[in-house]
Amino acid sequence: MTPLPVLLRHADHFDIPRLRRLMAKAKRALEDGIGVVVLDRLPLDEIDHETALAVSWSLGTLIGRNVAQKWDGTMLYDVTDKSLTSTTTTSRTTAVRFGILPTRSTSGTW
């Protein structure tokens with residue numbers, strides 16, 4: 001893992017040719033297709049919160065330029081789904097870019 005802070009990381013820092021091809025397809029689907037892409041099977045239950053942030057951020061750089069998600073300039077933040085019961089609450093990292101949201105099982109929180 002690179003020692004750079006999350007907001008300075010970019011997919012160009014990694015040798016990931018297959019992932020680049022996959023994300024290029026996702027970008028085409030977002031721009032020329034229905035405008036929504038679901039990324040499934042990310043092993044978020046197996047990685048810590050900081051790693052999940054780094055993965056989300058780096059995936060976003062494969063689609064385009066990451067931009068602020070709030071008017072105050074916040075780039076990344078956690079969202080809690082309050083519609084779930086207290087025994088199934090989950091927290092999702094918001095690195096939403098053009099409809100991409102990393103999903104996480106509802107088996108716990110980060």
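The values are calculated or read from the model by the stated rules, or taken from the named source; none is laboratory data. Only a predicted model underlies this, so the values are computations on that prediction, with no experimental measurement involved. Don't worry about glycine lacking a Cβ; one is built from the backbone with ideal geometry, like all the others, and counts go over all protein chains shown.
Being within 11 Å of the chain's Cα centre (by Cα) and closer than 28 Å to PRO3 by Cα is the requirement here; does THR51 meet it? Talk me through it step by step, then tell me what you get.
On the way: within 11 Å of the chain's Cα centre (by Cα): yes; closer than 28 Å to PRO3 by Cα: yes.
Criteria met by THR51.
Here is a yes/no grid of residues against (1) closer than 18 Å to HIS10 by Cβ; (2) of a type in the set (Asp, Glu); (3) at pLDDT 85 or above:
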{"site": "LEU62", "(1), (2), (3)": "yes, no, yes"}
{"site": "TYR77", "(1), (2), (3)": "no, no, no"}
{"site": "THR80", "(1), (2), (3)": "no, no, no"}
{"site": "THR89", "(1), (2), (3)": "no, no, no"}
{"site": "ARG97", "(1), (2), (3)": "yes, no, no"}
{"site": "ILE100", "(1), (2), (3)": "yes, no, no"}
{"site": "GLY108", "(1), (2), (3)": "no, no, no"}
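Pairing each residue of the stretch 1-18 that is modelled with pLDDT under 85 and in a loop (DSSP other than H, G, I, E, B) with any residue that is aromatic (Phe, Trp, Tyr) and surrounded by fewer than 10 Cβ atoms within 10 Å (Cβ to Cβ), provided the two are 6+ apart or on different chains, yields no C-beta distance under 7 Å. Every test in (1) assigned to a helix (DSSP H, G or I); (2) in contact with a strand residue (DSSP E or B) (Cβ under 6 Å, 6 or more places away or on another chain); (3) not aromatic (Phe, Trp, Tyr) is passed by VAL37 save one, and that test is (1). Cβ separations smaller than 6 Å between residues 6+ apart or across chains give the following pairs from the stretch 54-79 residues that are aromatic (Phe, Trp, Tyr) to residues that are surrounded by 10 or more Cβ atoms within 10 Å (Cβ to Cβ) and in a helix (DSSP H, G or I): TRP57/VAL6.
Just to be sure, is ALA54 more than 16 Å from LEU8 (Cα to Cα) and of a type in the set (A, V, I, L, M)? No: the conditions fail for ALA54.
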